[in-house]
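To keep things clear, I will list the structure first and then write my remarks on it.
The values are calculated or read from the model by the stated rules, or taken from the named source; none is laboratory data. On a predicted model such as this, the values are computed, not experimentally measured, just so you know. For neighbour counting, all protein chains shown are included, and Cβ atoms are generated from backbone atoms with ideal geometry for every residue, glycine included.
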Amino acid sequence: MNIAILDDYQDAVRTLDCFRKLAGQQVKVWNDHCKQVDVLADRLRDVEALVLIRERTPITEALLSRLPKLKLISQFGHAPHIDLEACTRHGVMVCSRTAPGRPSYGTAELTWGLIIAASRRIPQEMQSLKNGEWQSKNSIGRVLRGRTLGVFGYGRIGTLVAGYGRAFGMNVLVWASPASKSRASAEGYDVAENVESFFSSSDILSLHLALRDSTRGIVTPALLASMKSTSLLVNTSRAELLEAGALEAALKAGHPGSAAIDVFEQEPIVDGWHPLLKLDNLIATPHIGFVEREGFEIMFGTMIDQVLSFEVGAPVNVLNPDILQH
C-alpha cells in the first residue's frame, strides 16, 4: 500500500520496533506540520492509507474531496479532528482504538516533572548558572511536602498524579465529575466542596480533563483570579480548557503566581512567538507529555496493525461502520 505518516516532528517513527511491520510497503513519513489544504492535497494525492499522530492535522471535507485514492485513515484514540461523515461519503474508512487501555504514564510523569521544576525553579537556576551566576537573587523555591495539590479531573492520568502527590507528602484535593469524585473519596482523597474553593485552596493545581464541548473554557478568568499569588497552575491536557487569553492575563496579574504548561491553542509553536513564552513566571514544554518511546510503540503498533488488517480485508476498530456498506 501507499502509506503516509504525518507530523512526525522528531523523526521518531522509523526508529520504533513496530515500524518493521511495514517492510515491503511504500511509506512516506512527513516530519513537518502543514495546514494548507493545497499542499496536503498535493503531498497525499496518491496515498491509500494515512496514519495520523493524535490531533495534529485536521481531516476535513475540503481535503478529503481532493484525495480520490485515499481508502483508510488509521488513528489512535478519539478523533474530534476527523470529519467522520465526510470520510464515509468519500469512501474512507477510519480506524482508531478508543477503548481505555494503558494510562499515559508519560503525561503523568511529565506533569510531575513540571511541578518539581517550577516549584524549585530549576529552569531559571540552570539558565542563571550558565550565565555565570551562583544561586540567582530573589529566587528561592518551595518544597512540595505539606502543600495542597489540586487535581482537576480524576481519570486515568489524574489518578496517577494524585498518587504522586500522596507519595510526596502533599494534601491532595480533587474536583471532578460526580462519579470520579466518589471514587476519589473512596480512595482516601479529599474532595472540594465546590469549584471555587478548589481553585482558591490549591497551592498547585493540575488539569487532567478531556477536551469536550462541556469542558472547553471551563477554567475562567474568575477562577484563575481566585488562586493564591504563590500558587502554580499546571496544564498537560489541552490549552482550550482555559478561556482564550485567560492564562496570560492571570499570570500578568499575579494570580496564580506561576504556571507550567505542555499545551498551546495552536501547535506547533515555532520561533518562540507565543506571548506566554515571554513571561518569566511560566515554564513550558512543546507538548511532549505523550511523546515517549514505550507509549509510541503501543500507539504506532496499534495504528500499523489497523493498516495491515485493512489490507487483508479484516478491518478493526472502525469508527464509521456505515463505510462497510460501500
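Rundown of residues vs (1) assigned to a loop (DSSP other than H, G, I, E, B); (2) under 19 Å from the mean Cα position of the chain (by Cα), yes/no style:
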{"residue": "ALA108", "(1), (2)": "no, yes"}
{"residue": "MET126", "(1), (2)": "no, no"}
{"residue": "SER136", "(1), (2)": "yes, no"}
{"residue": "TYR154", "(1), (2)": "yes, yes"}
{"residue": "ALA162", "(1), (2)": "no, yes"}
Return the residue satisfying two criteria in turn: it lies in the range 1-18 and is surrounded by 13 or more Cβ atoms within 10 Å (Cβ to Cβ) and over 23 Å from the mean Cα position of the chain (by Cα), and of such residues it is nearest to LEU308 (Cα to Cα).
-> MET1
Is the range 80-94 home to any residue that is modelled with pLDDT under 95, assigned by TED's automatic domain parsing to the domain that holds PRO321 and crowded, with 20+ Cβ neighbours inside 10 Å?
-> no
Condition met for SER200 (within 19 Å of the chain's Cα centre (by Cα) and among the small types (Gly, Ala, Ser)) = no
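For (1) in contact with a Phe, Trp or Tyr (Cβ under 8 Å, 6 or more places away or on another chain); (2) assigned to a loop (DSSP other than H, G, I, E, B); (3) charged (D, E, K, R), each residue gets a yes or a no:
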position: ALA4; (1), (2), (3): yes, no, no
position: ASP11; (1), (2), (3): no, yes, yes
position: ARG14; (1), (2), (3): no, no, yes
position: LEU50; (1), (2), (3): no, no, no
position: ARG54; (1), (2), (3): yes, yes, yes
position: PRO68; (1), (2), (3): no, yes, no
position: GLU85; (1), (2), (3): no, no, yes
position: TRP112; (1), (2), (3): yes, no, no
What do you reckon, is SER96 polar (S, T, N, Q) and part of a helix (DSSP H, G or I)?
-> no
Within the set of pairs 6 or more residues apart or between chains, which connect a residue that is in the same structural domain as ILE204 (by TED's automatic domain parsing) and part of a loop (DSSP other than H, G, I, E, B) inside the range 261-274 to a residue that is surrounded by 12 or more Cβ atoms within 10 Å (Cβ to Cβ) and among the β-branched types (Val, Ile, Thr) with Cβ atoms less than 7 Å apart?
-> ASP262/THR236; ASP262/THR285; ASP262/ILE288; VAL263/THR236
Among the listed residues LEU173, LEU149, LEU144, which satisfies the condition of being in contact (Cβ under 8 Å) with a residue 60 or more places away in the chain, out of contact with any His (no Cβ under 9 Å at 6 or more places or on another chain), more than 23 Å from GLY101 (Cβ to Cβ) and surrounded by 15 or more Cβ atoms within 10 Å (Cβ to Cβ)?
-> LEU144
From THR236, THR215, residue being modelled with pLDDT of 95 or more, within 20 Å of the chain's Cα centre (by Cα), among the hydroxyl-bearing types (Ser, Thr, Tyr) and surrounded by 22 or more Cβ atoms within 10 Å (Cβ to Cβ) = THR236
Just wondering, is there one or more residues in the range 244-265 that are on the phi < 0 side of the Ramachandran plot and at pLDDT below 95?
-> yes
Determine which single condition LEU209 fails, assuming it passes every other condition in (1) touching a strand residue (DSSP E or B) at 6+ places or on another chain (Cβ under 7 Å); (2) surrounded by fewer than 21 Cβ atoms within 10 Å (Cβ to Cβ).
-> (2)
Hey, among the residues in the range 19-71 that are among the basic types (Lys, Arg), within 25 Å of ILE269 (Cα to Cα) and at pLDDT 95 or above, which one's surrounded by the fewest Cβ atoms within 10 Å (Cβ to Cβ)?
-> LYS28
